[in-house]
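Visitor: This is the structure I have questions about; it appears just below.
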Amino acid sequence: MTAAEETLSEMDAPRSRTSIVMRWLLRRANLVLGAVLVGLIVIVAIFAPMIATAQPDAQDLMNTLSAPSAIHWFGTDNFGRDIFSRVVYGARISLLEVVISVGISCLVGVPLGLIAGTLGKRADQIIMWIMDILFAFPGIILAILLVSVLGASLFNMMLAIAIFSIPVYARLSRNVSLGLKEMEYVEAATALGASIWRVMFDHILRNSLGPIIVQSTLTAGTVVLAAASLSFLGLGAQPPTPEWGAMMSDGRNFLGVNVYLSLFPGLAVTVMVLGFNILGDGLRDLLDPRS
Amino acid sequence: MKTYIARKLLALPLIVLGVSLLVFLAIRMLPGDPARMMAGPEAPEAAVEAMRVRLGLGQPLFMQYFGFVVHAIQGDFGISIRSNLPVASEIANRFPYTFALALTSYAMAILIGVPAGMAAAVFRNRWPDQIVMLLAIAGASVANFWLALMAMNYFAVELHWLPLLGAGSWKHYILPTIALGTLPTALIARMTRSSMIEVLSQDFIRTARAKGLGSFAIYRKHALRNALIPIVTIVGLNFGSIMGGAVVTESVFNWPGIGRLLVDSVRYRDYPMIEGVTLLAVVSVVVVNFLAEMAIAAINPRIRLT
Amino acid sequence: MAVHVKALRGVALLCLAAASVAVPGYAGATTLTILQSEPPRSMDPADQGATFTGNVLMPMYEGLVTRGEDLKLHPGLATKWTVSDDGLTWTFDLREGVKFHDGSDFNAESAAKSFHRLMDEKLGLAGAGRLRPLLKTVEAADPKTLKIELTRNYPAFLDLLASPQAMIVSPSEAEKGDLNRVASGTGPFKFVEWSSGDHVLEEVNPDYWGEKPSVDQLKWTWSAEQSVMNMALQTGDADIVNPLPPVFAASIENNPDLKLVTGNGSAVFWVALNVQQKPLDKVEVRQALNYATDRDALVKALLHGYGTPADSPLAPIPPYHLDGPQPYPYDIDKAKALLEKAGVPDGFTMSVAVQEPEANIAEALQGMWAKIGVKLDIRRLESGVWTKAAFNDPEAKKADNLGSVVASWSSGGFNPDQQLRPLYDTSSWAPSGANLGFYSSKELDDLLDTAASTAEPAKRKELYDQAQKIVNTDAPMVLLYVTKDLVGVKKGVDGVWLIPGGDIRATYATKSSN
C-alpha cells in the first residue's frame, strides 16, 4: 500500500476516532494477531502463580498419566504433576530463553557490526569473517557443539543459542552503519570534532532500532524452537524444570498411553513461535515498508 | 559476474578454514587433558600417549591446528571412543541416510510448496492465498519434532498405517520426511508466491494478457523459470536448517543418520566423533550453500546474495 | 583448496551411496525381529559387559557350558567335565567336528586361545574382569581336552563359563582384530551384518552341529525410546520387545494379538549413598532419606505395579531373603526428626548420577525428598558415562562431588554372597567392586566371610539374616524396589525364555505366519 492510498482511505473513513483505529488495525491483522498471541504468553508468564491450578513441581505418584479432567485441565504427567500448571510456568522459562538469548546476541552483535562498519578495512574483514563462520553453522549443530563442551544446562543452552544468533545482528548493524557513514550529517558532525563513535552510536540506535526490533521478534521464534529442540534432546533445561521441550521429551515415552504430555507443551511452543513470527512479519510491514 | 564468482570462490576456503578452526578450538576448550578426553576415559595410558603425539600437544596451538587440518584432509578424524571404529567410516556409513532423508524432504517441499505458492499468487488475497499463507506460517512455526511425535501417535500408534522406526522400506521415509520437509515446504510456498506476484505485475505479462494470451499459457511460460529461483534458494541456502532439523528428527525416528550419531556422541562424550560429525556437517552445508549461490547467479545474473 | 575439492568429491560419492540405501534380506525367509533398549557395544563377547549386547551375541556363540531354559547348566562345547578335589583344576572333554563360522576348526587349541585373550592384560578386554583374576593357566592337554587351572577354589566357576564373556571365539578372526565388529563363533546363528545405528542381522548356520533353529534370521534392532518399543510391537515392526517398559504392560496384556512374558526379576534397585560425603556420613541422615521414600508410590507410578518395594539388600527370593516388615516405612515426620538430630534440620543438596532410562527414579525421589528439604541435583547420564562416574574411586568421587548413584543389581538371587559382597563389603569399594558409596563395616565383612564358608543351611541363613539387618540399619543406601522382567511378544511367537535380570534367549523361538 502506498502512502497516497493510505491517505485516501483515511479520508474516506468515517470521522469516528475509534473506527479509524479499528480500520488501521484491520489492515494490519497480522500485527494484531501476533501481538495478541505474544501478549497472551507474556501475561500467562507474568501471572503464572495466579493462573496455574497447582504447583508445577508437585508430584502425585498415585495419580499419574491421567487424562484431562475438571481438576487437571490438561491431565497429569508421569509423576502426577499437573500438565496445565507446568505449561503455564513453562511460559516463564520460554520467555526467559527469549530475553536472555536475544539480549546477549543483540548486545554482542550490534556493537560488533557497528565497529566493523565504522572502522572498515581489516577490522571489518576480520569481524565479518568470524560472523560468516558462525553463520555457516546450522544453529542447532553449533549449539550442540557448544553444549557438549560447556555441559548441559539451561543457561549454557541459552548462551549457545545466543552465540549462533549473533551474526544476524552484526550484519544488520554493519549495514546500517555503512550507510550512515556516507551520510552528510555524520561527516559534518565529525568534521566539527565530535567523536565518530559517539555520532555513530547515537544514530545507529535511532536509525536501526526498527530493524533490530523486527529482527529480534523473528529471532525470538527461532530461539524458542531451538531451545525446545535442545531441551528435547536432553541438552538444555534439566528436570524438574517445566521447559516445554523437556516436557515433550518426557511425553514421548508415553505415546500410546497418554498423548497429552507432549500435545500441550507442543501446542504452547507452536502458539508462541507463531505469535513471534506473525508479529515479526507485521512489524516488518509497519517499520520497513519496502520489503 | 566473473568477479562475483571469483569473490565467492575465494571466500569459500576461508569459511571452511574458519569453521574447522572453531570446531578445533571448541574441543580444545574442554577442561582436563585433551589427550585423555579424545582417547576416552577407559583408554590405557599408552593410547593416551599416542593421542598426545597425534594431537601435537606441547607444540604451539597453531601447529596443533595445522596437524588437525592435515589429518582431516586425509579423511582421518581419529577413532570413535564409543565404537572404536574410525570416525570417518562411521560417518560414511551414516551420512547416506541423512542425505536420502534430505532428498525426500526437498522433494516434498518442491512438489507441494511450488504449486501451493503459485496458487496463492494467482488467487492473491482470496481464500486459497489466505489458506496457503496461513499454513505456510504455521509450517514455519511448528516444532518439527512435535509434529513428528503427533504424526507418530496418529499414523503409527492409532492407525497402524506406517512403521515408526528405522530406515527399512519406503514407508519408513514418510513420517520423517513430513517432519523434516514441513519447514522447506512452507518457505518455498512463501517465496514462490512473492516471486510469482512480482512476475505477474511486470509489464510483459500485462502485455501478453492484453494480446489475448490465456492466463494458463502465461503462467506456464513464465512460472516455471521463476519457480526455479525459490527452489534453488531454499534447497541450497536452507540446507543448514535441514541438517539442524535432521539432528532432532533422526533422534525421534531412530533414523540411522549423522544427526542421531551426533546426539548419541554428545551423550556418550565421544569427542572425536563430535568433532568429525560437526565438521563434516558444516562443511557440507557451506559447500551446498556455495553451489546454490552459483546456481542462482546463473539463473538470474541480477541477483547477488551477500 | 584441498579441503574444498575433497568435500565436493565426497558429496558426489555420498549422492551415489544414498541411492543404494537398502536393507538386505531375502524373500520367504522367516525373520524374527527383536527390539531392545540399547545398541550392542561390540561383536566381541569378551569386550563388553552389557546384558543387551550379550543377548545379541549369544545365538552366535557358545561356551563350554550352556544355560538351558530350566536355568540349569548343560553341556555346550564341552561334553563333560571333571574337577579336582581341591577345586583348582578343571578338565573339559570337548565336542568334536565343530567348526567356527569362518570355517576354521574348533578344538582345545582354539578354546585355549579364546581364554588367553581374557587373560591378556595388554588386550584389556572390557568384559574380562570377572574371569581374569580366576584363571591361572588354560591349555590344551590334547586336541579334545582342555585343562583350566584356577587361582583359587571357586565352586561357581561353571556359572561364569556360561556368561557371554566366556564364549569361545574364532581364533583366526580374533587375530585379525575384527571381532569388535564381526562376530565369529560356533553358534546356531552366524553373523551377517552390523549396520551401525540400525540393526544386527544373523542367519542360520547351516553347518551347526546341534539342533537347527526354526527361524531363518534374527534381526536385532534397538531404540532408547520407550514409546517406540511399545509401538513397534503394536504395529508388528518387532516380534519381541525387551525390556518392555512397565507403563505399556497393561495394554500389551489386553491386546489379544500380543503376549506379555514376565519373569520374577531379581533386579534390586537402590540409591548408593556416598558415606564419605557430608552429611551422608551420618547414619541418621541416611535413615531419614529411607523414611522419606514412599516405595509403594514408586512401584505404582514407575513400575505400574510390576514390581515390589524393596525391604532388604537381597531380592525377595527364598531362602536367604530376610522376610519381615519394611524397615523404613514412609514417614516424613520421622525423617525430619532424624535430620534435626543429625544437625541438618533444613536439609541439604546432594547430587545423584542416574542412567537415562532410570532418570524417572531420580525425578520421583527429587519430589519426595524435597519434602524434607533435600535438594536433589540430577545428573542424567548415558549408560557408559554413568558407569565411569558411578565406579569412580573415593578421590575422584570427591572431586566430582557425587553424593549418590541410582543403581540396580541382579545376581540370579540364589547366592547371597554374589549380592552382598560386591555391594557392601569393604574390599568391594569402587572401582574394584560395586560398593559405590564406600560403606565399611568390620562386623559385616566378618559375617560375610563366615557365611560364605558355612555349609549348614540353617546357620547360613541366620548369618545372612544378621548381615541384612546390619546393612538395613547402617543404611549406606536407600532401598527402592525389585522389578519384574517384562518382555512383550507377538502372538504366534513361542519359545522365548528369560534369565532373571534382562537376559532373553530367542535362539529356538518359533514364529507362525499368522
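Visitor: What about A:Thr241, is it assigned to a loop (DSSP other than H, G, I, E, B) and either of a type in the set (Asp, Glu) or more than 8 Å from every other protein chain (Cβ to nearest Cβ) (or both)?
Guide: yes
Visitor: Which residues, taken from region C:247-256, are in contact with a strand residue (DSSP E or B) (Cβ under 7 Å, 6 or more places away or on another chain) and more than 11 Å from chain A (Cβ to nearest Cβ)?
Guide: Of the residues in region C:247-256, the ones in contact with a strand residue (DSSP E or B) (Cβ under 7 Å, 6 or more places away or on another chain) are C:249, C:252-253.
C:Glu253, the sole residue that qualifies.
Visitor: Please verify whether region C:379-402 includes one or more residues that are under 25 Å from C:Lys334 (Cα atoms) and in contact with a strand residue (DSSP E or B) (Cβ under 6 Å, 6 or more places away or on another chain). Working first, answer last.
Guide: First pass over region C:379-402, keeping only residues under 25 Å from C:Lys334 (Cα atoms): none.
Checked region C:379-402: no residue is under 25 Å from C:Lys334 (Cα atoms) and in contact with a strand residue (DSSP E or B) (Cβ under 6 Å, 6 or more places away or on another chain).
Visitor: Right, here's the next one. Which ones in region C:175-186 are surrounded by 20 or more Cβ atoms within 10 Å (Cβ to Cβ) and more than 20 Å from C:Pro39 (Cβ to Cβ)?
Guide: Quick first cut of region C:175-186, residues surrounded by 20 or more Cβ atoms within 10 Å (Cβ to Cβ) only: C:179, C:183-186.
Hit for region C:175-186 is C:Thr186, nothing else.
Visitor: Another question, if that's okay. Being within 14 Å of chain B (Cβ to nearest Cβ), buried (at least 19 other Cβ atoms within 10 Å of the Cβ), among the hydroxyl-bearing types (Ser, Thr, Tyr) and touching a residue at least 24 places away in the same chain (Cβ under 8 Å), is that true of even one residue in region C:263-270? Steps first, answer last, please.
Guide: Our first condition is that a residue be within 14 Å of chain B (Cβ to nearest Cβ); within region C:263-270, this holds for none.
No, every residue in region C:263-270 fails to be within 14 Å of chain B (Cβ to nearest Cβ), buried (at least 19 other Cβ atoms within 10 Å of the Cβ), among the hydroxyl-bearing types (Ser, Thr, Tyr) and touching a residue at least 24 places away in the same chain (Cβ under 8 Å).
Visitor: Of everything in region C:427-470, what is surrounded by fewer than 23 Cβ atoms within 10 Å (Cβ to Cβ), of a type in the set (A, V, I, L, M, F, W, C), touching a residue at least 40 places away in the same chain (Cβ under 8 Å) and closer than 25 Å to C:Thr308 by Cβ? Give them in sequence order.
Guide: The answer is C:Ala434, and nothing else.
Visitor: Quick check: is even one residue across region B:137-151 surrounded by fewer than 21 Cβ atoms within 10 Å (Cβ to Cβ), at the interface with chain A (Cβ under 10 Å from one of its Cβ atoms) and closer than 17 Å to A:Gly251 by Cβ?
Guide: yes
Visitor: Count, please, the residues in region B:18-38 that happen to be crowded, with 16+ Cβ neighbours inside 10 Å and either under 18 Å from A:Leu145 (Cα atoms) or in the same structural domain as B:Ala295 (by TED's automatic domain parsing) (or both). Let's see the steps before the verdict.
Guide: Going residue by residue through region B:18-38, those that are crowded, with 16+ Cβ neighbours inside 10 Å are B:18-20, B:22-24, B:26-28, B:30, B:34-38.
Narrowing further to those that are either under 18 Å from A:Leu145 (Cα atoms) or in the same structural domain as B:Ala295 (by TED's automatic domain parsing) (or both): B:18-20, B:22-24, B:26-28, B:30, B:34, B:37-38.
Of the residues in that region, 13 qualify.
Visitor: Of all residues in region C:204-225, count the ones that are crowded, with 17+ Cβ neighbours inside 10 Å and in contact (Cβ under 8 Å) with a residue 60 or more places away in the chain.
Guide: Within region C:204-225, the first condition is being crowded, with 17+ Cβ neighbours inside 10 Å, and the residues that meet it are C:204-205, C:208, C:213, C:215-225.
Imposing the further condition that a residue be in contact (Cβ under 8 Å) with a residue 60 or more places away in the chain reduces the set to C:205, C:213, C:215-224.
Number satisfying all stated conditions: 12.
Visitor: Taking B:Val248, is it more than 16 Å from the chain's Cα centre (by Cα) and within 14 Å of chain C (Cβ to nearest Cβ)?
Guide: On the way: more than 16 Å from the chain's Cα centre (by Cα): no; within 14 Å of chain C (Cβ to nearest Cβ): yes.
The answer is no for B:Val248.
Visitor: Separate question: Only one of (1) in contact with an Asp or Glu (Cβ under 7 Å, 6 or more places away or on another chain); (2) at the interface with another protein chain (Cβ under 9 Å from one of its Cβ atoms) fails for B:Asn93. Which number is that?
Guide: Only one criterion in (1) in contact with an Asp or Glu (Cβ under 7 Å, 6 or more places away or on another chain); (2) at the interface with another protein chain (Cβ under 9 Å from one of its Cβ atoms) is unmet by B:Asn93, namely (1).
Visitor: Can you tell me which residue is surrounded by the fewest Cβ atoms within 10 Å (Cβ to Cβ) among those in region A:131-146 that are aliphatic (A, V, I, L, M) and facing chain B (nearest Cβ under 7 Å)? Steps first, please.
Guide: Of the residues in region A:131-146, the ones aliphatic (A, V, I, L, M) are A:131, A:133-134, A:136, A:140-146.
Next, only the ones that are facing chain B (nearest Cβ under 7 Å) stay: A:133, A:136, A:140-141, A:144-146.
Values: A:Ile133: 22, A:Ala136: 20, A:Ile140: 27, A:Ile141: 23, A:Ile144: 30, A:Leu145: 26, A:Leu146: 22.
This residue is A:Ala136.
Visitor: If you don't mind, another one. If I ask for residues that are assigned to a helix (DSSP H, G or I) and either touching a Phe, Trp or Tyr at 6+ places or on another chain (Cβ under 6 Å) or β-branched (Val, Ile, Thr) (or both), which ones from region C:379-404 would you list? First the steps, then the outcome.
Guide: Pass one, region C:379-404, residues assigned to a helix (DSSP H, G or I): C:383-390, C:394-400.
Once the filter is applied, which keeps residues that are assigned to a helix (DSSP H, G or I) and either touching a Phe, Trp or Tyr at 6+ places or on another chain (Cβ under 6 Å) or β-branched (Val, Ile, Thr) (or both), region C:379-404 yields C:Gly384, C:Val385, C:Thr387, C:Pro394.
Visitor: Among the residues of region C:43-58, which ones are touching a Ser or Thr at 6+ places or on another chain (Cβ under 9 Å) and within 13 Å of C:Val169 (Cα to Cα)?
Guide: Answer for region C:43-58, where residues must be touching a Ser or Thr at 6+ places or on another chain (Cβ under 9 Å) and within 13 Å of C:Val169 (Cα to Cα): C:Met43, C:Pro45, C:Ala46, C:Leu57, C:Met58.
Visitor: Which helices (runs of 4 or more DSSP H) sit wholly inside region B:60-173 and have at least 2 residues that are over 24 Å from the mean Cα position of the chain (by Cα)?
Guide: B:61-73, B:87-122, B:127-141
Visitor: When only residues in region B:265-278 that are more than 8 Å from chain C (Cβ to nearest Cβ), over 19 Å from the mean Cα position of the chain (by Cα) and not aliphatic (A, V, I, L, M) count, which is nearest to B:Gly244 (Cα to Cα)?
Guide: Per the criteria, the residue is B:Ser265.
Visitor: Enumerate the helices (runs of 4 or more DSSP H) found wholly within region C:293-372, keeping only those where 1 or more residues are polar (S, T, N, Q). Before the answer, list the steps.
Guide: Numbers: elements: C:295-303, C:332-341, C:359-370.
Of the helices (runs of 4 or more DSSP H) lying wholly inside region C:293-372, those with at least 1 residues that are polar (S, T, N, Q) span C:359-370.
Visitor: Checking the condition in the same structural domain as C:Asn392 (by TED's automatic domain parsing) and without any contact (Cβ under 8 Å) to a residue 24 or more places away in the chain, which residue from C:Asp281, C:Asp296 passes?
Guide: Values: C:Asp296 fails: without any contact (Cβ under 8 Å) to a residue 24 or more places away in the chain.
When all the criteria are applied, what remains is C:Asp281.
Visitor: Return the only residue of C:Tyr291, C:Tyr328 being free of Cβ contacts under 8 Å to residues at least 60 places away in the same chain, buried (at least 21 other Cβ atoms within 10 Å of the Cβ) and touching a Phe, Trp or Tyr at 6+ places or on another chain (Cβ under 6 Å).
Guide: Going through C:Tyr291, C:Tyr328 in turn, the sole match is C:Tyr291.
Visitor: Given the conditions (1) under 20 Å from the mean Cα position of the chain (by Cα); (2) of a type outside the set (A, V, I, L, M); (3) more than 10 Å from every other protein chain (Cβ to nearest Cβ), which single one is not true for A:Tyr260?
Guide: Failing condition for A:Tyr260: (1).
Visitor: For region C:356-373, name all the residues that are at the interface with chain A (Cβ under 9 Å from one of its Cβ atoms) and among the acidic types (Asp, Glu).
Guide: C:Glu356, C:Glu363
Visitor: I've got another one for you. Identify, from the list C:Ala451, C:Ala407, the residue that is assigned to a strand (DSSP E or B) and in contact with a helix residue (DSSP H, G or I) (Cβ under 8 Å, 6 or more places away or on another chain).
Guide: It is C:Ala407.
Visitor: Out of the residues in region C:108-128 that are under 23 Å from the mean Cα position of the chain (by Cα) and hydrophobic (A, V, I, L, M, F, W, C), state the one that is surrounded by the fewest Cβ atoms within 10 Å (Cβ to Cβ).
Guide: Selected residue: C:Leu123.
Visitor: Quick check on region B:72-94. Is at least one of its residues touching a helix residue (DSSP H, G or I) at 6+ places or on another chain (Cβ under 9 Å), more than 26 Å from B:Arg260 (Cα to Cα) and not assigned by TED's automatic domain parsing to the domain that holds B:Met273?
Guide: Within region B:72-94, not a single residue is touching a helix residue (DSSP H, G or I) at 6+ places or on another chain (Cβ under 9 Å), more than 26 Å from B:Arg260 (Cα to Cα) and not assigned by TED's automatic domain parsing to the domain that holds B:Met273.
Visitor: Name the pairs: first residue in region A:134-147 and in contact (Cβ under 8 Å) with a residue 40 or more places away in the chain, second residue of a type in the set (Ser, Thr, Tyr) and surrounded by 24 or more Cβ atoms within 10 Å (Cβ to Cβ), Cβ to Cβ under 7 Å, at least 6 apart or on different chains?
Guide: From residues that are in contact (Cβ under 8 Å) with a residue 40 or more places away in the chain, the pairs are A:Ile140/A:Ser229.
The values are calculated or read from the model by the stated rules, or taken from the named source; none is laboratory data. Quick caveat: nothing in here was measured; it's all calculated off a predicted structure. Every residue, glycine as well, gets a Cβ built from its backbone with ideal geometry; the counts of neighbours run over all protein chains shown.
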